[in-house]
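**Student:** What follows is a single structure, and I will ask about it in a moment.
The values are calculated or read from the model by the stated rules, or taken from the named source; none is laboratory data. It should be emphasised that the depicted structure is a prediction, and the values quoted were computed from it without experimental measurement. Cβ placement follows ideal geometry from the backbone for every residue including glycine, while neighbour counts extend to all protein chains displayed. Accessible surface is based on the protein model in full, side chains and every heavy atom, while ligands, DNA and RNA are left aside. Shrake-Rupley method; radii C 1.70, N 1.55, O 1.52, S 1.80 Å.
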Amino acid sequence: MFTVEQVLEDLRDGALLFLTAYAGKPPVLVGVATARVLDDDGYRDLIAPMSPGTLPAPPPSVSGRRIGRLNSLAVTTPMRGRGLGSALTAHRTEWLRERCTEAYTISWLHNQQGRSEGLLRAFGWQPVAILHDYWRQATTTGDQSCPQCGRPCHCPGLLLRLPIPSSGEPTHGI
């Protein structure tokens, strides 16, 4: 998924936000979260599994867009429901607003209890489209496996967009 070298370079360049949360004495890792500003390759990777026309095909460099992606969020079971996920999401959302002209994320629809859709909507993220079989090819031809359904993955996901008013684009969703 990431190489150490790529993570360090992206952190230095300001293209990656990598948050960690600790609790207790001695401190124990209880949460992690990431967000990133996508380069052209990252944007192509994001849209490749989507149906044509879901998002614009031209990479960000063509039009000067700065596209962000709200990536991973994980909170340990004992810390869930205490606001840690909300705090990490608020920080990542603000970070993307400060750096990007638009940002996207995917909320997986398979797990009702752990769904992030409500939290994301509370921070201003708006639905764009339902993505069916987004990880199907990666879990069929690659070495990845879905923790929910195995190989191949058939989990539906909700693509959400963060409206960033300074971009001058409309802020509507589905």
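**Student:** Looking at 126, 137, which one is closer than 25 Å to residue 67 by Cα, modelled with pLDDT of 75 or more and polar (S, T, N, Q)?
**Tutor:** Numbers: 137 fails: modelled with pLDDT of 75 or more.
Answer to the selection: 126.
**Student:** While we're on this one: Taking segment 52-66 only, how many residues are in contact (Cβ under 8 Å) with a residue 24 or more places away in the chain and closer than 17 Å to residue 134 by Cβ?
**Tutor:** Selection size over segment 52-66: 2.
**Student:** Where residues in segment 1-58 are aromatic (Phe, Trp, Tyr) and not in a loop (DSSP other than H, G, I, E, B), which of them is least open to solvent (accessible area, probe 1.4 Å)?
**Tutor:** So in segment 1-58, the residues aromatic (Phe, Trp, Tyr) come out as 2, 18, 22, 43.
Those left that are additionally not in a loop (DSSP other than H, G, I, E, B): 18, 22, 43.
On the way: 18: 104, 22: 135, 43: 0 Å².
Only one residue tops the list, namely 43.
**Student:** Taking into account only those residues within segment 72-106 that are among the charged types (D, E, K, R) and within 13 Å of the chain's Cα centre (by Cα), which is modelled with the highest pLDDT? Break it down into steps so the answer makes sense when it comes.
**Tutor:** First pass over segment 72-106, keeping only residues among the charged types (D, E, K, R): 80, 82, 92, 94, 97-99, 102.
Pick out the ones that are also within 13 Å of the chain's Cα centre (by Cα) and you get 92, 102.
Working: 92: 96, 102: 93.
Once the filter is applied, the top-ranked residue is 92.
**Student:** If you don't mind, another one. Filter segment 72-95 down to residues that are free of Cβ contacts under 8 Å to residues at least 60 places away in the same chain, open to solvent by less than 40 Å² (accessible area, probe 1.4 Å) and of a type in the set (Val, Ile, Thr), then give me how many there are.
**Tutor:** Going through segment 72-95 one residue at a time, the tally reaches 2.
**Student:** Of all residues in segment 10-27, count the ones that are touching a residue at least 12 places away in the same chain (Cβ under 8 Å) and either touching a strand residue (DSSP E or B) at 6+ places or on another chain (Cβ under 6 Å) or over 24 Å from residue 102 (Cβ atoms) (or both). So that I can check it myself, show each step before the final result.
**Tutor:** So in segment 10-27, the residues touching a residue at least 12 places away in the same chain (Cβ under 8 Å) come out as 10, 14-21, 23.
With either touching a strand residue (DSSP E or B) at 6+ places or on another chain (Cβ under 6 Å) or over 24 Å from residue 102 (Cβ atoms) (or both) added as a condition, the list becomes 10, 15-21, 23.
Residues flagged as touching a residue at least 12 places away in the same chain (Cβ under 8 Å) and either touching a strand residue (DSSP E or B) at 6+ places or on another chain (Cβ under 6 Å) or over 24 Å from residue 102 (Cβ atoms) (or both) within segment 10-27 amount to 9.
**Student:** Right, residue 69: in contact with a Lys or Arg (Cβ under 7 Å, 6 or more places away or on another chain), in contact (Cβ under 8 Å) with a residue 24 or more places away in the chain and charged (D, E, K, R) or not? Please lay out each step first, then the result.
**Tutor:** On the way: in contact with a Lys or Arg (Cβ under 7 Å, 6 or more places away or on another chain): yes; in contact (Cβ under 8 Å) with a residue 24 or more places away in the chain: yes; charged (D, E, K, R): yes.
In short, yes.
**Student:** For segment 64-100, which positions are closer than 19 Å to residue 158 by Cβ and hydroxyl-bearing (Ser, Thr, Tyr)?
**Tutor:** The answer is 72, 86, 89, 93.
**Student:** Please work out which residue is least open to solvent (accessible area, probe 1.4 Å), limiting yourself to segment 96-112 and to residues that are free of Cβ contacts under 8 Å to residues at least 40 places away in the same chain and among the polar types (S, T, N, Q).
**Tutor:** Taking segment 96-112 and keeping what is free of Cβ contacts under 8 Å to residues at least 40 places away in the same chain, we get 98, 111-112.
Next cut, among the polar types (S, T, N, Q) only: 111-112.
Numbers: 111: 64, 112: 134 Å².
Looking at residues that are free of Cβ contacts under 8 Å to residues at least 40 places away in the same chain and among the polar types (S, T, N, Q), I get 111.
**Student:** Given the structure, is residue 35 within 27 Å of residue 133 (Cβ to Cβ) and at pLDDT 95 or above? Let's see the steps before the verdict.
**Tutor:** On the way: within 27 Å of residue 133 (Cβ to Cβ): yes; at pLDDT 95 or above: yes.
For residue 35, the condition - within 27 Å of residue 133 (Cβ to Cβ) and at pLDDT 95 or above - is met.
**Student:** Could I ask something else about it? So, in segment 59-71, of the ones that are touching a helix residue (DSSP H, G or I) at 6+ places or on another chain (Cβ under 6 Å) and assigned to a helix (DSSP H, G or I), which residue ends up least open to solvent (accessible area, probe 1.4 Å)?
**Tutor:** Only one residue tops the list, namely 60.
**Student:** Is it true that residue 52 is closer than 18 Å to residue 127 by Cα and over 17 Å from the mean Cα position of the chain (by Cα)? It would help to see each step written out before you state the result.
**Tutor:** Details: closer than 18 Å to residue 127 by Cα: yes; over 17 Å from the mean Cα position of the chain (by Cα): yes.
Judged against the criteria, residue 52 is a match.
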